[in-house]
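The structure under discussion appears below in the form of structure tokens.
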Amino acid sequence: MSRIGNWPISIPESVKVNVTDNNIVEVKGPKGELTQAVKPEIKVSIKDNTVYLERPSDLERFKALHGLYRALINNMIIGVSEGYKTILELAGVGFKAQNSGQLIELSVGHSHSVFIELPKEIKVQTITERGKNPTIILESFDKQLLGQVVAKIRSLRKPEPYKGKGVRFAGEIIRRKAGKTAVAADK
């Protein structure tokens, strides 16, 4: 079983962490503000600019919650201080991406363009250079929200193994498969 829950979380100077009476953790930083409700079994305490989490016993359920909430709080602290960034590439002939504000227009091989309205917490930038695949850069302080939006965009056209076309992460290597081979008929 993992021991991640036992690791203390150090708080950077620019970040403020507060734990309310209802066991809600509030994290404020230069990039934004996040909150997370923690189950009452897990005790969250702050001592000397460090966050500690404690579980009541070594039951498997409590161990799982201990590691989960430690990871979520750590992601919140990193998010409001440094932020998260994901780069997507559109690989395929005629694939395009454009944005106007929080609206992304994607042409990824469907009969029509797909429009996605992004939440205000996410900053988006699209880059189209000649000779390179169109690129979408997404930035946010909320790791969960960013992952959800990236999964939605990727679900429109997942990378396929035969030609490698689709929406993929920058630098992702798609494992290729051989296509059909023609067999000469005996006559």
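The values are calculated or read from the model by the stated rules, or taken from the named source; none is laboratory data. In this text, all values refer to a predicted model and were calculated from it rather than measured experimentally. Note: ideal-geometry Cβ built from the backbone for every residue, glycine included; neighbour counts use all protein chains shown. Only protein heavy atoms, including side chains, enter the accessible area calculation; ligands, DNA and RNA are left aside. Shrake-Rupley method; radii C 1.70, N 1.55, O 1.52, S 1.80 Å.
Distance distribution note for the range 1-40: the fraction of Cα pairs above 11 angstrom is 69%. For Lys120, the lysines whose Cα comes closer than 18 Å to its Cα, not counting residues fewer than 8 places off in the same chain, are Lys28, Lys31, Lys85, Lys143, Lys152.
Note on the chain: helix-only mean residue ellipticity at 222 nm, from DSSP H runs of 4+ residues weighted -39500 (n - 2.57) and normalised by residue number, equals -6500 deg cm²/dmol. Counting only Cα atoms, the size of the range 40-141 along its three principal axes is 57, 29, 24 Å, in decreasing order. Residues whose amide H lies under 5 Å from that of Arg157, counting only those 5 or more places away or on a different chain, are Val167; hydrogens are built 1.01 Å from N in the peptide plane. Residue by residue, the range 41-56 carries 3J(HN,Hα) couplings of 5, 8, 8, 10, 9, 10, 9, 6, 6, 9, 9, 10, 10, 10, 10, x Hz when phi is fed to the Karplus relation 6.51 cos²θ - 1.76 cosθ + 1.60 (θ = phi - 60°); x denotes Gly or Pro.
Cross-link reach is defined here as a Cα-Cα straight distance under 12 Å, omitting same-chain residues fewer than 8 places apart; for Lys163 none of the aspartates and glutamates meet it. With the highest mean first, a sort of the peptides 165-178, 64-77 on other beta-carbon atoms found within 10 angstrom per residue produces 64-77, 165-178.
Rounded to whole numbers, the Karplus 3J(HN,Hα) couplings from phi for the range 26-35 are 10, 10, 10, x, x, 8, x, 9, 10, 10 Hz, using 6.51 cos²θ - 1.76 cosθ + 1.60 with θ = phi - 60°, and x at Gly and Pro.
Note on Lys63: aspartates and glutamates with a C-alpha under 15 Å away, same-chain residues under 8 apart excluded, are Glu41, Glu54. Remark: the range 101-108, residue by residue, has Karplus-estimated 3J(HN,Hα) of x, 9, 9, 9, 10, 10, 10, 10 Hz, where x stands for each Gly or Pro and the curve is 6.51 cos²θ - 1.76 cosθ + 1.60 at θ = phi - 60°.
Apolar share of the accessible surface for the chain: 50 percent from carbon plus sulfur atoms, 1.4 Å probe.
Taking the longest Cα principal axis of the chain as reference, the axis of helix 60-81 is set at about 80 degrees.
Stretched out straight at 0.36 nm per residue, the stretch from Val93 to Gln125 would grow longer than its current Cα-Cα span by 9.4 nm.
A simple charge model with +1 on the Cβ of Lys and Arg, -1 on the Cβ of Asp and Glu and nothing else charged puts the dipole of the chain at about 980 debye relative to its Cα centre.
Averaging 1/r across all pairs of distinct Cα atoms in the chain and inverting the result yields a Kirkwood radius of 19.5 Å.
Each residue, Val114 and Asn22, gets one label point 7 Å from its Cα in the Cβ direction; the gap between the two is 3.6 nm. Among Ile174, Pro56, Val149, whose Cα sits farthest toward the positive end of the charge dipole of the chain (+1 at Cβ of Lys/Arg, -1 at Cβ of Asp/Glu, about the Cα centre)? Of the listed residues, the answer is Ile174.
Calculation over all alpha carbon pairs of the range 90-162 in 5 angstrom steps from 0 returns a P(r) of 3, 15, 27, 26, 18, 8, 3, 0 percent. Given axes a ≥ b ≥ c from the Cα gyration tensor, I'd like to know whether the range 124-169 is rounded (a/c under 1.5), prolate (a/b larger than b/c) or oblate. Verdict is oblate for the range 124-169.
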